[in-house]
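Some notes on the structure that comes next.
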Amino acid sequence: MTNRRVLAIDFGERRIGIALSDPANIIASPFCTIDTRSIADPIAKIASIIQDEDAGSVVVGYPYHNSGAAGDKAGAIDGLIEALQHAVGPSIRIVRIDEGYSSVAAQEILKKQGKNTRENKDAVDRIAAALFLQDYLNEKDHA
């Protein structure tokens, strides 16, 4: 039996970054960015990607403070998680993971590649998702 992939989501107001694991759940890669201004139902789009890419679980970047308490945007993210869980059903596990500084790290990666982060905001979001997905995959107890 093969593993189902893990999908990561970096929710933002304008863009949603998506990353996917490889089928062996070892390597995370940026997958796509969804522009929330140009799509009527981003949750349906994410649900479609989950199905098309055979993802068995979803990791959502969650805004925790350094103290461990939920951050200011946590309520909005919780609403999106609830809507996504309803769309994909109970067989898909959705896990919150600390997104801590993943966008800053993604910007640094782009800068090191000589790319302008203002012109590549969509790349920042999907790279950020890949970064916290890789952290998740590296943990031994996520299965």
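None of the figures in this text is laboratory data; all of them are computed from the coordinates on show. Note that the structure is a prediction, hence the values are computed from the model and not measured. All Cβ positions, even for glycine, are placed from backbone atoms using ideal geometry, and neighbour counts span all protein chains on display.
With 27 Å as the limit, the listed pairs K73/K112; K45/K73; K45/K111 have K73/K112; K45/K111 beyond it between alpha carbons.
Of R118, R15, R4, how do they rank once you tally other Cβ atoms within 10 Å and put the fewest first? The order, fewest Cβ neighbours first, is R118, R4, R15.
Seen from a random direction on average, the alpha-carbon convex hull of the stretch 5-138 projects onto 8.1 square nanometres.
Extension gain, N66 to D54: 0.36 nm times the residue separation minus the Cα-Cα distance gives 1.0 nm.
Between the stretch 86-139 and the stretch 6-21, the C-alpha centres lie 6 angstrom from each other. Shown for S29, S38: other C-beta atoms within 10 Å of each C-beta, ranked fewest to most, produce the order S38, S29.
Rounded if a/c is under 1.5, else prolate if a/b beats b/c, else oblate: with a ≥ b ≥ c from the C-alpha gyration tensor eigenvalues square-rooted, which is the stretch 36-103? Note, shape of the stretch 36-103 comes out prolate.
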